[in-house]
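Inspection log for the structure reproduced underneath, given as structure tokens.
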């Protein structure tokens, strides 16, 4: 293996691996591991080529400011190239983006501007429109515009497509490929390549529920209104300027729940850590495979790494909050407890622990209050305001035991109490401590109650 002169030389040439344990029916399913690009996604390819094409065309000069609107992965690909080439990069991203992506972008030196994810194209706060405005108002800035940049699909037509086709010759070729559509560059480029090289290859679109693309492909109807979805990076509420859907004859709409569960199944069965959009693509690919009545070789992209979604789809508590994981229902207040104590999910302290330990646990687990447990009994509760009131005048008091700051007058609620009884607890500014006689079961917070109510209308 050669020694490379830049991390940019590692973009592309990603492996393909056969899925062994997923149920693909009569088909053979092959995973194109774009998650193994240095920035963790297929968008590394266009991040490099769009910048290098702009350099060759004289559109950007050394030290220039680059601006783009992105759902995340294109931003990371651009940040990788901009960092190595010495450009300032300003990215406008919707606020549904995972915090791991934001941390990644900032750590790479990009300037991140969060904007609303609940508005459609044409609104001044829509991420693409806002990026275009910022670029226009910034002297000398270059707007990359992945949704209208011809170098985006050209990358996949001239590089990604030939790479996949060449690799699949080792197993006798391929019959179909499953992809997602955000900017539409991957789809358009592959469509053009396979139209020339292997027109028999079927192009299959994986699309989040709420996107307008599935209905457009399957029914020829272009909706003017889209829904919302949690999956990041794919799905659209308009047709990008560079898009070419003419060879795509089949699309599958995949729910957020099925996307997340498919991504987790990919890790559990094949050992591949993919992101939320990878889950969408896999769920669609498995549906396509199971529908086939003759054996086919099917390629699906693992288009990004799951490292960017550890706080979401790989976090059981987030999955439970969203209603994506099933758990036993009891018909009482136990159904509202996110972190049951019996399962050792509740974050607790003892009366003898130091306040600094309690504070660190609050920060580490992103909780605001801690039950104080002694001999399996709840003896108090400590929240962040209790800690603050105790230490604000003398920070040395962080070394005091929890018992000196905890509240011992507890709001105990029997698990059989009516749900509406929680409102009185919340109105008094407390958290509900759920009990089964003397046995502590867990806490119910305001946000737990809100999540419970939201799940009922999903």
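The values are calculated or read from the model by the stated rules, or taken from the named source; none is laboratory data. It should be emphasised that the depicted structure is a prediction, and the values quoted were computed from it without experimental measurement. So basically every Cβ, Gly included, is an ideal-geometry build from the backbone, and we count neighbours across all protein chains shown.
Would the stretch 56-66 turn up any residue that is within 22 Å of residue 137 (Cβ to Cβ) and not in a loop (DSSP other than H, G, I, E, B)? For the stretch 56-66, residues within 22 Å of residue 137 (Cβ to Cβ) and not in a loop (DSSP other than H, G, I, E, B): present. Here residue 136 passes the criteria (1) in a helix (DSSP H, G or I); (2) free of Cβ contacts under 8 Å to residues at least 12 places away in the same chain; (3) within 23 Å of the chain's Cα centre (by Cα) except the one numbered (3).
For the stretch 103-133, the candidate set comprises residues that are in contact with a helix residue (DSSP H, G or I) (Cβ under 7 Å, 6 or more places away or on another chain) and touching a residue at least 60 places away in the same chain (Cβ under 8 Å); within that set, the residue that is surrounded by the most Cβ atoms within 10 Å (Cβ to Cβ) is 104.
Are any residues in the stretch 78-89 free of Cβ contacts under 8 Å to residues at least 60 places away in the same chain, more than 21 Å from the chain's Cα centre (by Cα) and not in a loop (DSSP other than H, G, I, E, B), and if so, which ones? Give the derivation first.
Taking the stretch 78-89 first, the residues free of Cβ contacts under 8 Å to residues at least 60 places away in the same chain are 79, 82-83, 85-89.
Those still in the list that are more than 21 Å from the chain's Cα centre (by Cα) too: 82-83, 85-89.
Within the stretch 78-89, 82, 83, 85, 88, 89 meet the criteria.
In the condition set (1) farther than 13 Å from residue 443 by Cα; (2) over 32 Å from the mean Cα position of the chain (by Cα), residue 372 is compliant with all but (1). Please verify whether the stretch 247-254 includes one or more residues that are over 12 Å from residue 231 (Cβ atoms) and either within 22 Å of the chain's Cα centre (by Cα) or buried (at least 24 other Cβ atoms within 10 Å of the Cβ) (or both). There is at least one residue in the stretch 247-254 that is over 12 Å from residue 231 (Cβ atoms) and either within 22 Å of the chain's Cα centre (by Cα) or buried (at least 24 other Cβ atoms within 10 Å of the Cβ) (or both).
Output the qualifying pairs, or none if there are none: Cβ atoms under 8 angstrom, residues six or more apart or on different chains, first residue in the stretch 215-229 and farther than 17 Å from residue 122 by Cα, second residue modelled with pLDDT under 90. Pairs found: 215/223; 216/223. Among the residues making up the stretch 424-445, those that are exposed (fewer than 14 other Cβ atoms within 10 Å of the Cβ) and within 25 Å of residue 387 (Cα to Cα) are 424, 427, 428, 429. If you check residue 142 against the conditions, is it touching a strand residue (DSSP E or B) at 6+ places or on another chain (Cβ under 9 Å) and over 21 Å from residue 243 (Cα atoms)? The answer is yes for residue 142. For the residues 88, 45, 20, the requirement of being more than 17 Å from residue 308 (Cα to Cα), in contact with a strand residue (DSSP E or B) (Cβ under 7 Å, 6 or more places away or on another chain) and either at pLDDT 95 or above or not assigned by TED's automatic domain parsing to the domain that holds residue 300 (or both) singles out 88. Is it true that residue 275 is touching a residue at least 60 places away in the same chain (Cβ under 8 Å), in contact with a helix residue (DSSP H, G or I) (Cβ under 7 Å, 6 or more places away or on another chain) and at negative phi? Criteria met by residue 275. At least 3 residues being farther than 30 Å from residue 323 by Cβ is the threshold, and among the helices (runs of 4 or more DSSP H) wholly inside the stretch 154-232 those reaching it are 161-168, 185-197.
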